[in-house]
Amino acid sequence: MLILLIISIFLNFLVLKLDIIPYITNVFQKRKLRKRKVVFDRAVFEKKVYNASIETIKGTKVKMQWTDTDGFSNNIVNIYLNKYNNNFRKYNYPRALLMYGLLKYSISKKNDTGISVVRDAFDKLLDAKGNPKFNLDKVDQAIFGVVAVDLYTVLNNKKYLNFASIIYSYLEENYLRNNNVILYRPNIRFWFNDVLGQTIPFLVSYYTIAGEKRILDIAKSQMNAFIKHGIDNHTFLPSHGFNLDTYTKIGSINWGRGIGWYLLALNALHKLDGSYMKEYNGLIYTLNKLKLNNIWTQFPGSDINFDASTTTMMLYCFPEELVDVNIVLETLNNFTSKDGFILQTSGDTKGFNNYSRSFGKSEISQGMLMAYLSRIK
């Protein structure tokens, strides 16, 4: 009987910890944010966001919401699988975007301390010659390549250039010439707009220092393929992806972070040489109409749930004249914790039409917010 009692107490504790508490916390956090009114001081806001970003980069804990609270049994399985997913989460796009944003911000502010913190964290990813210490096996990791190019530009250490060249070689090996795209995953005949935002900013950045036309050709061939097969011609909004065999559009056309991935790629190419002006201006026009109180939601145009990743990606790419910086930052301050973490980022997407219902802190939004702060006065 004692053993049964102990087992019962333990199972009830797990249900409380893994199911009830996360659900209640998420509900009350949203309600608290809606009611919260904070006196805004831009300098204080910027400093606390910077300090939180520094704290996160120095640490090893991943803040991104990778799984939904889908019930007790599902969470137990996720705990078991976590031992296989730690490296997947650690060496992936959320942390890369945080490094990206913090480095951009530190460079723009001539902040040597911030540059050193990013450098020290990044150096843990590679050896003395620039070879990655982690398993380079997914396009999501290409964003680390942008960080490497920026570090090389600032510090002139060739190990960062070598790291970037390895990233490029990996992408080129996975470039499908018949479809003009970099494969998202081996043996998957679907293409996600995530790939654009994860690879094209790197290809553009690497092209500026390597100068090889082939690099830019791959970037533009992907963009051309997606514009041909994945874009709505009226609103210029991107579908989540398309089938590489039938070219059927697949997934939500107003998934916010997916639009953000596409816009990051479009913005990188447009800034480089003025290309894709029609698509860039068309999308900006649509997104400007879909704003809700200066921010964007998880699904712009069809829901009211603020998504920090959608909003910060959009802001980073938006023309300055369309954004009232002080009003936007004051709005974002209402969704930022006292210790500087922007909240309300939707969790990792499982696939087409299978989007996260969980929200929380994330390196994605933290990094993109720092990137946005790097380009405004």
Which residue is nearest to the chain's Cα centre (by Cα), if the candidates are limited to the range 218-277 and must be of a type in the set (D, E, K, R) and in a loop (DSSP other than H, G, I, E, B)? Asp232
Residue check: is Ile231 surrounded by 13 or more Cβ atoms within 10 Å (Cβ to Cβ), farther than 30 Å from Asn157 by Cβ and out of contact with any helix residue (DSSP H, G or I) (no Cβ under 8 Å at 6 or more places or on another chain)? no
Just give me the residues in the range 290-322 being open to solvent by 50 Å² or more (accessible area, probe 1.4 Å) and among the acidic types (Asp, Glu), in sequence order. Glu320, Glu321
Looking at the range 234-266 only, could you name the residues that are in contact (Cβ under 8 Å) with a residue 60 or more places away in the chain, surrounded by fewer than 24 Cβ atoms within 10 Å (Cβ to Cβ) and of a type in the set (Ser, Thr, Tyr)? Ser252
Restricted to the range 176-197, and to residues that are of a type outside the set (A, V, I, L, M, F, W, C), touching a strand residue (DSSP E or B) at 6+ places or on another chain (Cβ under 9 Å) and modelled with pLDDT of 95 or more, which residue is farthest from Ile250 (Cα to Cα)? Asp194
Which one of these does Ser374 not meet: (1) of a type in the set (Ser, Thr, Tyr); (2) under 20 Å from Asn193 (Cα atoms); (3) at pLDDT 95 or above? (2)
List every residue pair whose Cβ atoms lie under 6 Å apart, where the two residues are 6 or more positions apart in sequence or sit on different chains, the first residue falls within the range 338-352 and is touching a residue at least 24 places away in the same chain (Cβ under 8 Å) and over 10 Å from Ser362 (Cα atoms), and the second residue, located anywhere, is open to solvent by 30 Å² or more (accessible area, probe 1.4 Å) and outside any loop (DSSP other than H, G, I, E, B). Gly340/Lys48; Gly340/Asn51; Phe352/Ile250
Of the residues that make up the range 344-361, is at least one small (Gly, Ala, Ser) and open to solvent by 30 Å² or more (accessible area, probe 1.4 Å)? no
Which listed residue, of Leu269, Leu287, Leu196, is open to solvent by less than 10 Å² (accessible area, probe 1.4 Å), more than 30 Å from Asn162 (Cα to Cα) and in contact with a helix residue (DSSP H, G or I) (Cβ under 9 Å, 6 or more places away or on another chain): Leu287
Quick one: is Val146 in contact (Cβ under 8 Å) with a residue 12 or more places away in the chain, β-branched (Val, Ile, Thr) and open to solvent by 50 Å² or more (accessible area, probe 1.4 Å)? no
For a quick check of your reading of the model, give me the residue pairs whose first member lies in the range 100-121 and is within 16 Å of Lys377 (Cα to Cα) and touching a residue at least 40 places away in the same chain (Cβ under 8 Å), whose second is aromatic (Phe, Trp, Tyr) and surrounded by fewer than 20 Cβ atoms within 10 Å (Cβ to Cβ), with beta-carbon atoms closer than 6 Å and at least 6 apart or on different chains. none
Condition set closer than 13 Å to Met370 by Cα and among the aromatic types (Phe, Trp, Tyr), scope the range 100-134, selection surrounded by the fewest Cβ atoms within 10 Å (Cβ to Cβ): answer is Tyr105
Of all residues making up the range 245-256, the number that are within 27 Å of Leu369 (Cβ to Cβ) and out of contact with any Phe, Trp or Tyr (no Cβ under 9 Å at 6 or more places or on another chain): 1
Selection status of Ser356, over 22 Å from Val39 (Cα atoms), part of a loop (DSSP other than H, G, I, E, B) and either at pLDDT below 95 or out of contact with any Asp or Glu (no Cβ under 6 Å at 6 or more places or on another chain) (or both): yes
Kindly list the number of the only condition in (1) touching a Ser or Thr at 6+ places or on another chain (Cβ under 9 Å); (2) surrounded by fewer than 21 Cβ atoms within 10 Å (Cβ to Cβ); (3) closer than 29 Å to Tyr152 by Cβ; (4) hydroxyl-bearing (Ser, Thr, Tyr) that fails for Tyr206. (2)
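The values are calculated or read from the model by the stated rules, or taken from the named source; none is laboratory data. This structure is a prediction, so every number in the text was calculated from the model and none was measured. With ideal geometry, Cβ positions are generated from the backbone for all residues, glycine too; neighbour counts draw on all protein chains shown. What goes into the accessible areas is simple: the full protein's heavy atoms, side chains included, and nothing from ligands, DNA or RNA. Shrake-Rupley method; radii C 1.70, N 1.55, O 1.52, S 1.80 Å.
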